[in-house]
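Colleague: One structure follows; several queries about it will come next.
The values are calculated or read from the model by the stated rules, or taken from the named source; none is laboratory data. This structure is a prediction, so every number in the text was calculated from the model and none was measured. Cβ placement follows ideal geometry from the backbone for every residue including glycine, while neighbour counts extend to all protein chains displayed.
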(Lines give C-alpha, C1' and ligand atoms only; values in the text may rest on other atoms or scores of the structure.)
Protein backbone atom coordinates (compact mmCIF):
# COMPACT_ATOMS: atom_id res chain seq x y z
CA UNK A 1 0.00 0.00 0.00
CA UNK A 2 1.27 3.44 -0.87
CA UNK A 3 1.99 5.50 2.24
CA UNK A 4 0.46 8.97 2.40
CA UNK A 5 2.78 11.74 3.40
CA UNK A 6 2.55 15.25 4.75
CA UNK A 7 3.92 18.13 2.70
CA UNK A 8 5.01 19.91 5.89
CA UNK A 9 6.70 16.85 7.40
CA UNK A 10 8.59 16.05 4.21
CA UNK A 11 9.62 19.64 3.62
CA UNK A 12 11.00 19.89 7.16
CA UNK A 13 12.86 16.60 6.92
CA UNK A 14 14.34 17.34 3.52
CA UNK A 15 15.39 20.82 4.56
CA UNK A 16 17.47 19.25 7.32
CA UNK A 17 19.02 16.91 4.76
CA UNK A 18 20.02 19.83 2.55
CA UNK A 19 21.29 21.97 5.42
CA UNK A 20 24.78 23.36 5.15
CA UNK A 21 24.84 23.29 1.36
CA UNK A 22 25.27 26.56 -0.46
CA UNK A 23 22.74 27.41 -3.14
CA UNK A 24 24.06 27.11 -6.70
CA UNK A 25 23.43 29.70 -9.38
CA UNK A 26 23.92 28.13 -12.78
CA UNK A 27 22.45 30.98 -14.85
CA UNK A 28 22.61 34.72 -14.25
CA UNK A 29 19.21 35.62 -12.81
CA UNK A 30 17.92 37.49 -9.79
CA UNK A 31 17.87 35.29 -6.68
CA UNK A 32 15.29 36.13 -4.03
CA UNK A 33 16.09 36.05 -0.33
CA UNK A 34 14.46 32.61 -0.08
CA UNK A 35 16.66 31.24 -2.89
CA UNK A 36 14.10 31.17 -5.70
CA UNK A 37 14.95 32.58 -9.12
CA UNK A 38 13.23 32.54 -12.52
CA UNK A 39 14.21 29.96 -15.14
CA UNK A 40 12.16 31.79 -17.78
CA UNK A 41 12.38 35.59 -18.00
CA UNK A 42 8.94 35.99 -19.60
CA UNK A 43 10.37 37.71 -22.68
CA UNK A 44 12.77 35.33 -24.45
CA UNK A 45 14.05 31.76 -24.57
CA UNK A 46 17.49 32.75 -23.30
CA UNK A 47 18.94 29.82 -21.35
CA UNK A 48 16.89 27.25 -23.29
CA UNK A 49 17.20 25.37 -26.57
CA UNK A 50 15.20 22.74 -28.44
CA UNK A 51 16.18 19.07 -28.73
CA UNK A 52 14.38 16.08 -30.22
CA UNK A 53 11.55 16.71 -32.67
CA UNK A 54 10.70 19.83 -34.64
CA UNK A 55 7.72 21.19 -32.67
CA UNK A 56 7.83 24.95 -32.31
CA UNK A 57 8.55 26.82 -29.07
CA UNK A 58 8.02 30.56 -28.76
CA UNK A 59 7.23 33.27 -26.23
CA UNK A 60 3.76 34.81 -26.22
CA UNK A 61 2.38 37.18 -23.61
CA UNK A 62 4.81 36.07 -20.91
CA UNK A 63 4.35 32.36 -21.62
CA UNK A 64 6.39 29.65 -23.32
CA UNK A 65 4.12 28.13 -25.97
CA UNK A 66 4.92 24.79 -27.63
CA UNK A 67 2.89 23.72 -30.66
CA UNK A 68 2.54 20.24 -32.11
CA UNK A 69 3.75 19.22 -35.58
CA UNK A 70 2.75 16.07 -37.48
CA UNK A 71 5.31 13.43 -38.38
CA UNK A 72 7.74 14.45 -35.63
CA UNK A 73 8.98 12.63 -32.51
CA UNK A 74 8.69 14.10 -29.03
CA UNK A 75 10.23 17.58 -28.85
CA UNK A 76 11.73 19.26 -25.80
CA UNK A 77 12.76 22.75 -24.81
CA UNK A 78 15.63 22.12 -22.41
CA UNK A 79 17.72 24.27 -20.13
CA UNK A 80 21.24 25.01 -21.34
CA UNK A 81 22.68 23.87 -18.01
CA UNK A 82 22.16 20.89 -15.73
CA UNK A 83 20.95 20.82 -12.12
CA UNK A 84 21.44 18.52 -9.16
CA UNK A 85 19.22 18.98 -6.08
CA UNK A 86 16.48 21.56 -6.53
CA UNK A 87 12.87 22.61 -6.19
CA UNK A 88 11.03 23.55 -9.38
CA UNK A 89 7.67 25.30 -9.71
CA UNK A 90 5.70 26.18 -12.83
CA UNK A 91 2.19 26.50 -14.24
CA UNK A 92 1.08 24.33 -17.19
CA UNK A 93 -1.84 24.73 -19.62
CA UNK A 94 -2.40 21.87 -22.06
CA UNK A 95 -4.86 21.28 -24.87
CA UNK A 96 -7.17 18.47 -23.66
CA UNK A 97 -6.29 16.28 -26.68
CA UNK A 98 -2.54 16.28 -25.94
CA UNK A 99 -0.04 14.76 -23.54
CA UNK A 100 3.05 16.41 -22.16
CA UNK A 101 5.63 16.24 -19.39
CA UNK A 102 8.34 18.05 -17.48
CA UNK A 103 11.75 16.43 -17.79
CA UNK A 104 14.04 16.52 -14.75
CA UNK A 105 17.64 15.29 -14.43
CA UNK A 106 17.48 14.30 -18.09
CA UNK A 107 20.02 13.74 -20.87
CA UNK A 108 20.41 13.33 -24.65
CA UNK A 109 21.89 10.23 -26.29
CA UNK A 110 24.80 11.52 -28.40
CA UNK A 111 24.25 9.35 -31.47
CA UNK A 112 20.47 9.40 -31.80
CA UNK A 113 19.72 12.76 -30.18
CA UNK A 114 16.98 11.02 -28.17
CA UNK A 115 16.06 12.63 -24.85
CA UNK A 116 15.88 10.23 -21.92
CA UNK A 117 15.37 10.55 -18.19
CA UNK A 118 12.77 11.25 -15.53
CA UNK A 119 9.56 12.96 -16.62
CA UNK A 120 6.79 14.41 -14.45
CA UNK A 121 3.62 13.59 -16.35
CA UNK A 122 1.04 16.10 -17.66
CA UNK A 123 -1.93 13.89 -18.48
CA UNK A 124 -5.36 15.44 -19.23
CA UNK A 125 -6.80 12.06 -20.28
CA UNK A 126 -9.29 10.05 -18.19
CA UNK A 127 -6.35 8.06 -16.78
CA UNK A 128 -5.31 11.25 -14.91
CA UNK A 129 -1.75 10.35 -13.97
CA UNK A 130 -0.59 13.99 -13.91
CA UNK A 131 2.27 14.31 -11.44
CA UNK A 132 3.33 10.69 -11.83
CA UNK A 133 6.94 9.93 -12.77
CA UNK A 134 7.82 8.23 -16.06
CA UNK A 135 11.31 7.38 -17.29
CA UNK A 136 11.33 8.72 -20.85
CA UNK A 137 12.94 6.41 -23.46
CA UNK A 138 14.36 4.08 -20.81
CA UNK A 139 12.49 2.22 -18.01
CA UNK A 140 8.90 3.40 -18.42
CA UNK A 141 6.62 4.11 -15.45
CA UNK A 142 8.39 4.35 -12.08
CA UNK A 143 5.69 6.03 -9.98
CA UNK A 144 2.21 6.04 -11.49
CA UNK A 145 -0.93 7.26 -9.72
CA UNK A 146 -3.02 4.10 -9.98
CA UNK A 147 -3.32 3.93 -6.17
CA UNK A 148 -3.49 7.68 -5.52
CA UNK A 149 -7.08 8.89 -6.10
CA UNK A 150 -6.57 12.25 -4.36
CA UNK A 151 -3.59 13.00 -6.60
CA UNK A 152 -5.52 12.03 -9.74
CA UNK A 153 -8.34 14.36 -8.77
CA UNK A 154 -5.97 17.28 -8.11
CA UNK A 155 -5.34 17.96 -11.81
CA UNK A 156 -8.03 20.36 -13.04
CA UNK A 157 -8.02 19.00 -16.57
CA UNK A 158 -6.87 20.28 -19.93
CA UNK A 159 -7.72 23.77 -21.07
CA UNK A 160 -6.98 25.35 -17.69
CA UNK A 161 -3.89 26.21 -15.65
CA UNK A 162 -2.38 23.66 -13.25
CA UNK A 163 0.44 24.34 -10.81
CA UNK A 164 3.30 21.86 -10.47
CA UNK A 165 5.98 21.58 -7.81
CA UNK A 166 8.90 19.14 -8.03
CA UNK A 167 11.58 18.54 -5.40
CA UNK A 168 14.73 16.48 -6.06
CA UNK A 169 17.17 15.86 -3.20
CA UNK A 170 19.67 13.03 -3.56
CA UNK A 171 17.86 9.88 -4.65
CA UNK A 172 14.38 11.16 -3.74
CA UNK A 173 11.95 12.90 -6.10
CA UNK A 174 8.66 14.37 -4.85
CA UNK A 175 5.89 15.93 -6.93
CA UNK A 176 2.81 18.00 -6.16
CA UNK A 177 -0.06 19.07 -8.45
CA UNK A 178 -2.09 22.09 -7.35
CA UNK A 179 -0.72 21.60 -3.84
CA UNK A 180 -1.70 17.92 -3.58
CA UNK A 181 1.11 15.36 -3.06
CA UNK A 182 1.30 13.18 -6.18
CA UNK A 183 4.37 10.94 -6.52
CA UNK A 184 7.27 9.97 -4.31
CA UNK A 185 10.16 8.09 -5.89
CA UNK A 186 13.47 6.77 -4.57
CA UNK A 187 15.81 6.35 -7.54
CA UNK A 188 19.59 6.75 -7.52
CA UNK A 189 20.15 6.43 -11.29
CA UNK A 190 20.34 10.12 -12.22
CA UNK A 191 21.58 12.75 -9.74
CA UNK A 192 22.02 15.59 -12.23
CA UNK A 193 20.65 16.56 -15.63
CA UNK A 194 18.75 19.21 -17.52
CA UNK A 195 15.15 20.36 -17.10
CA UNK A 196 12.94 20.32 -20.21
CA UNK A 197 9.38 21.02 -21.35
CA UNK A 198 7.85 18.42 -23.66
CA UNK A 199 5.62 18.67 -26.71
CA UNK A 200 4.60 15.07 -27.31
CA UNK A 201 4.62 13.68 -30.84
CA UNK A 202 1.20 13.29 -32.52
CA UNK A 203 2.16 10.97 -35.38
CA UNK A 204 0.16 11.78 -38.51
CA UNK A 205 -2.94 12.99 -36.67
CA UNK A 206 -3.77 16.23 -38.50
CA UNK A 207 -6.59 16.96 -36.04
CA UNK A 208 -3.98 17.54 -33.32
CA UNK A 209 -1.60 19.63 -35.44
CA UNK A 210 -0.81 23.10 -34.14
CA UNK A 211 -2.34 22.54 -30.72
CA UNK A 212 -0.55 24.19 -27.79
CA UNK A 213 1.04 23.46 -24.45
CA UNK A 214 1.81 26.58 -22.41
CA UNK A 215 4.08 27.20 -19.44
CA UNK A 216 4.50 30.24 -17.22
CA UNK A 217 5.98 31.28 -13.84
CA UNK A 218 8.86 28.81 -14.23
CA UNK A 219 11.22 29.17 -11.27
CA UNK A 220 13.85 27.12 -9.43
CA UNK A 221 15.52 26.96 -6.03
CA UNK A 222 18.81 25.06 -6.07
CA UNK A 223 19.63 22.95 -3.02
CA UNK A 224 23.18 21.75 -3.68
CA UNK A 225 23.79 18.29 -5.04
CA UNK A 226 24.58 14.69 -4.13
CA UNK A 227 27.20 12.45 -5.70
CA UNK A 228 28.54 8.92 -5.42
CA UNK A 229 31.88 8.86 -3.60
CA UNK A 230 34.13 5.88 -2.70
CA UNK A 231 33.42 4.20 0.64
CA UNK A 232 36.15 1.65 0.01
CA UNK A 233 39.50 2.86 -1.34
CA UNK A 234 40.12 -0.17 -3.59
CA UNK A 235 43.54 -0.87 -2.05
CA UNK A 236 43.14 -2.08 1.55
CA UNK A 237 40.69 -2.25 4.44
CA UNK A 238 41.46 1.17 5.90
CA UNK A 239 38.32 2.62 7.48
CA UNK A 240 36.66 -0.79 7.82
CA UNK A 241 36.46 -3.21 10.74
CA UNK A 242 36.65 -6.89 9.93
CA UNK A 243 34.76 -9.34 12.14
CA UNK A 244 36.50 -12.64 11.54
CA UNK A 245 39.35 -13.25 9.12
CA UNK A 246 37.31 -13.72 5.97
CA UNK A 247 38.14 -10.50 4.07
CA UNK A 248 41.21 -9.50 2.06
CA UNK A 249 42.09 -7.28 -0.90
CA UNK A 250 43.74 -8.88 -3.93
CA UNK A 251 44.57 -6.93 -7.11
CA UNK A 252 42.01 -4.22 -6.35
CA UNK A 253 39.21 -6.67 -5.56
CA UNK A 254 37.69 -7.08 -2.09
CA UNK A 255 37.26 -10.81 -1.49
CA UNK A 256 35.25 -12.23 1.38
CA UNK A 257 34.61 -15.86 2.25
CA UNK A 258 33.29 -17.94 5.13
CA UNK A 259 31.46 -16.63 8.19
CA UNK A 260 32.57 -13.01 8.47
CA UNK A 261 31.45 -9.39 8.39
CA UNK A 262 33.02 -6.13 7.27
CA UNK A 263 31.67 -2.94 8.84
CA UNK A 264 32.13 0.77 8.08
CA UNK A 265 30.44 4.05 8.95
CA UNK A 266 29.68 6.25 5.91
CA UNK A 267 30.06 10.02 5.92
CA UNK A 268 27.53 12.37 7.51
CA UNK A 269 24.35 12.66 5.49
CA UNK A 270 25.01 9.51 3.43
CA UNK A 271 21.74 8.18 2.03
CA UNK A 272 22.84 5.64 -0.53
CA UNK A 273 25.16 2.69 -1.04
CA UNK A 274 26.28 1.22 -4.37
CA UNK A 275 28.27 -1.97 -4.92
CA UNK A 276 29.69 -3.50 -8.06
CA UNK A 277 30.18 -7.22 -7.49
CA UNK A 278 32.17 -9.56 -9.69
CA UNK A 279 30.54 -12.67 -8.23
CA UNK A 280 28.46 -13.95 -5.32
CA UNK A 281 28.81 -17.64 -4.56
CA UNK A 282 26.52 -19.24 -2.00
CA UNK A 283 23.28 -18.04 -0.48
CA UNK A 284 24.59 -16.46 2.72
CA UNK A 285 25.70 -12.98 1.60
CA UNK A 286 23.86 -9.78 2.50
CA UNK A 287 24.31 -6.04 2.86
CA UNK A 288 23.04 -4.59 6.15
CA UNK A 289 22.59 -0.86 6.78
CA UNK A 290 20.71 1.70 8.83
CA UNK A 291 21.58 0.21 12.19
CA UNK A 292 24.11 0.86 14.95
CA UNK A 293 27.24 -1.16 15.62
CA UNK A 294 29.03 -1.02 18.98
CA UNK A 295 32.31 -2.45 17.72
CA UNK A 296 31.54 -6.06 18.55
CA UNK A 297 28.64 -8.43 18.03
CA UNK A 298 25.82 -8.04 15.50
CA UNK A 299 24.46 -4.75 14.16
CA UNK A 300 21.48 -3.46 16.08
CA UNK A 301 18.43 -2.42 14.05
CA UNK A 302 18.49 -1.45 10.41
CA UNK A 303 17.53 -3.60 7.45
CA UNK A 304 19.34 -5.90 5.05
CA UNK A 305 19.37 -6.98 1.42
CA UNK A 306 20.26 -10.57 0.50
CA UNK A 307 22.66 -10.92 -2.43
CA UNK A 308 21.71 -13.66 -4.90
CA UNK A 309 24.08 -16.48 -5.82
CA UNK A 310 25.64 -16.02 -9.25
CA UNK A 311 28.95 -15.98 -11.16
CA UNK A 312 28.14 -12.98 -13.35
CA UNK A 313 28.63 -9.31 -12.46
CA UNK A 314 25.98 -7.73 -10.23
CA UNK A 315 25.19 -4.09 -9.45
CA UNK A 316 23.55 -3.44 -6.08
CA UNK A 317 22.12 -0.04 -5.09
CA UNK A 318 20.48 0.90 -1.77
CA UNK A 319 18.95 4.29 -0.90
CA UNK A 320 17.14 5.82 2.08
CA UNK A 321 15.10 9.04 2.30
CA UNK A 322 14.52 11.63 5.03
CA UNK A 323 11.66 9.55 6.46
CA UNK A 324 13.71 6.36 6.77
CA UNK A 325 11.99 4.70 3.79
CA UNK A 326 14.30 2.47 1.75
CA UNK A 327 14.59 1.00 -1.73
CA UNK A 328 17.07 -1.31 -3.40
CA UNK A 329 17.98 -2.55 -6.87
CA UNK A 330 19.79 -5.69 -7.98
CA UNK A 331 20.92 -4.65 -11.45
CA UNK A 332 17.69 -3.06 -12.80
CA UNK A 333 15.32 -5.12 -10.64
CA UNK A 334 13.78 -3.04 -7.86
CA UNK A 335 13.40 -4.72 -4.46
CA UNK A 336 11.32 -3.38 -1.59
CA UNK A 337 12.94 -3.28 1.84
CA UNK A 338 11.60 -2.65 5.32
CA UNK A 339 11.82 0.99 6.46
CA UNK A 340 14.42 1.96 9.03
CA UNK A 341 13.59 2.53 12.67
CA UNK A 342 11.77 5.75 13.58
CA UNK A 343 14.11 8.74 13.38
CA UNK A 344 16.72 7.00 11.20
CA UNK A 345 17.25 8.97 8.00
CA UNK A 346 20.79 8.01 6.92
CA UNK A 347 22.69 4.84 6.06
CA UNK A 348 24.07 4.45 9.59
CA UNK A 349 26.58 1.62 9.91
CA UNK A 350 27.05 -0.51 6.79
CA UNK A 351 28.05 -4.16 6.89
CA UNK A 352 28.85 -6.77 4.28
CA UNK A 353 27.79 -10.00 5.98
CA UNK A 354 28.74 -13.52 4.89
CA UNK A 355 27.48 -16.92 5.95
CA UNK A 356 29.04 -20.35 5.76
CA UNK A 357 30.16 -21.55 2.31
CA UNK A 358 29.77 -18.07 0.86
CA UNK A 359 32.16 -15.95 -1.20
CA UNK A 360 31.83 -12.44 -2.63
CA UNK A 361 34.08 -10.39 -4.87
CA UNK A 362 33.55 -6.64 -4.64
CA UNK A 363 35.02 -4.44 -7.36
CA UNK A 364 33.72 -1.07 -6.10
CA UNK A 365 31.76 0.26 -3.14
CA UNK A 366 30.42 3.84 -3.04
CA UNK A 367 28.26 6.03 -0.82
CA UNK A 368 25.76 8.72 -1.84
CA UNK A 369 26.63 11.91 0.01
CA UNK A 370 25.87 15.65 -0.20
CA UNK A 371 28.72 17.56 -1.86
CA UNK A 372 29.56 21.11 -2.81
CA UNK A 373 30.41 22.26 -6.31
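Colleague: Can you name every residue in segment 196-255 that is out of contact with any strand residue (DSSP E or B) (no Cβ under 8 Å at 6 or more places or on another chain) and either in a loop (DSSP other than H, G, I, E, B) or modelled with pLDDT under 95 (or both)?
Modeller: 202, 203, 204, 205, 209, 233, 238, 251
Colleague: Give me the residue from segment 30-39 that is touching a residue at least 24 places away in the same chain (Cβ under 8 Å) and part of a loop (DSSP other than H, G, I, E, B) and, out of that set, surrounded by the most Cβ atoms within 10 Å (Cβ to Cβ).
Modeller: Across segment 30-39, the extreme among qualifying residues is 39.
Colleague: I would also like to ask the following. Restricting attention to segment 93-105, which residues are more than 22 Å from the chain's Cα centre (by Cα) and surrounded by fewer than 24 Cβ atoms within 10 Å (Cβ to Cβ)?
Modeller: 93, 95, 96, 97, 98, 99
Colleague: Of the residues in segment 117-141, how many are touching a residue at least 40 places away in the same chain (Cβ under 8 Å) and surrounded by fewer than 18 Cβ atoms within 10 Å (Cβ to Cβ)?
Modeller: Total meeting the criteria: 1.
Colleague: Take segment 142-157 and flag every residue that is surrounded by fewer than 21 Cβ atoms within 10 Å (Cβ to Cβ), in contact with a strand residue (DSSP E or B) (Cβ under 7 Å, 6 or more places away or on another chain) and assigned to a helix (DSSP H, G or I).
Modeller: 150
Colleague: Which residues, counting only those in segment 299-335, are in a strand (DSSP E or B) and out of contact with any strand residue (DSSP E or B) (no Cβ under 7 Å at 6 or more places or on another chain)?
Modeller: Residue satisfying the conditions is 333 alone.
Colleague: For segment 337-368, enumerate the residues that are closer than 19 Å to residue 285 by Cα and under 16 Å from the mean Cα position of the chain (by Cα).
Modeller: none
Colleague: A further question on this structure: Residue under question is residue 298, and the condition is that it be surrounded by fewer than 21 Cβ atoms within 10 Å (Cβ to Cβ), over 20 Å from the mean Cα position of the chain (by Cα) and at pLDDT 90 or above; does it hold?
Modeller: It is false that residue 298 is surrounded by fewer than 21 Cβ atoms within 10 Å (Cβ to Cβ), over 20 Å from the mean Cα position of the chain (by Cα) and at pLDDT 90 or above.
Colleague: With the condition kept exactly as written, say whether any residue in segment 70-81 is surrounded by 16 or more Cβ atoms within 10 Å (Cβ to Cβ), within 19 Å of the chain's Cα centre (by Cα) and modelled with pLDDT of 95 or more.
Modeller: Yes.
Colleague: Does segment 98-116 contain any residue that is closer than 23 Å to residue 333 by Cβ, out of contact with any strand residue (DSSP E or B) (no Cβ under 8 Å at 6 or more places or on another chain) and either outside any strand (DSSP E or B) or modelled with pLDDT of 95 or more (or both)?
Modeller: Among the residues of segment 98-116, not one is closer than 23 Å to residue 333 by Cβ, out of contact with any strand residue (DSSP E or B) (no Cβ under 8 Å at 6 or more places or on another chain) and either outside any strand (DSSP E or B) or modelled with pLDDT of 95 or more (or both), which makes the answer no.
Colleague: Working carefully through the options 175, 192, 160, find the one that is at pLDDT 95 or above, buried (at least 22 other Cβ atoms within 10 Å of the Cβ) and at negative phi.
Modeller: Every option except 175 fails the conditions.
Colleague: Output yes when any residue across segment 351-373 is assigned to a loop (DSSP other than H, G, I, E, B) and closer than 20 Å to residue 265 by Cβ, and no when none is.
Modeller: no
Colleague: Among 322, 351, 328, which is the only one that is without any contact (Cβ under 8 Å) to a residue 24 or more places away in the chain and surrounded by 20 or more Cβ atoms within 10 Å (Cβ to Cβ)?
Modeller: 328
Colleague: Would you mind stating whether residue 60 is exposed (fewer than 14 other Cβ atoms within 10 Å of the Cβ) and closer than 26 Å to residue 205 by Cβ?
Modeller: So residue 60 fits the description; yes.
Colleague: For residue 263, which of the numbered conditions (1) at pLDDT below 95; (2) under 32 Å from the mean Cα position of the chain (by Cα); (3) not in a strand (DSSP E or B) fails to hold?
Modeller: Unmet for residue 263, out of (1) at pLDDT below 95; (2) under 32 Å from the mean Cα position of the chain (by Cα); (3) not in a strand (DSSP E or B): (3).
Colleague: Being in a strand (DSSP E or B) and touching a residue at least 12 places away in the same chain (Cβ under 8 Å) narrows it down to one residue among 66, 42; which is it?
Modeller: Exactly one residue qualifies, and that residue is 66.
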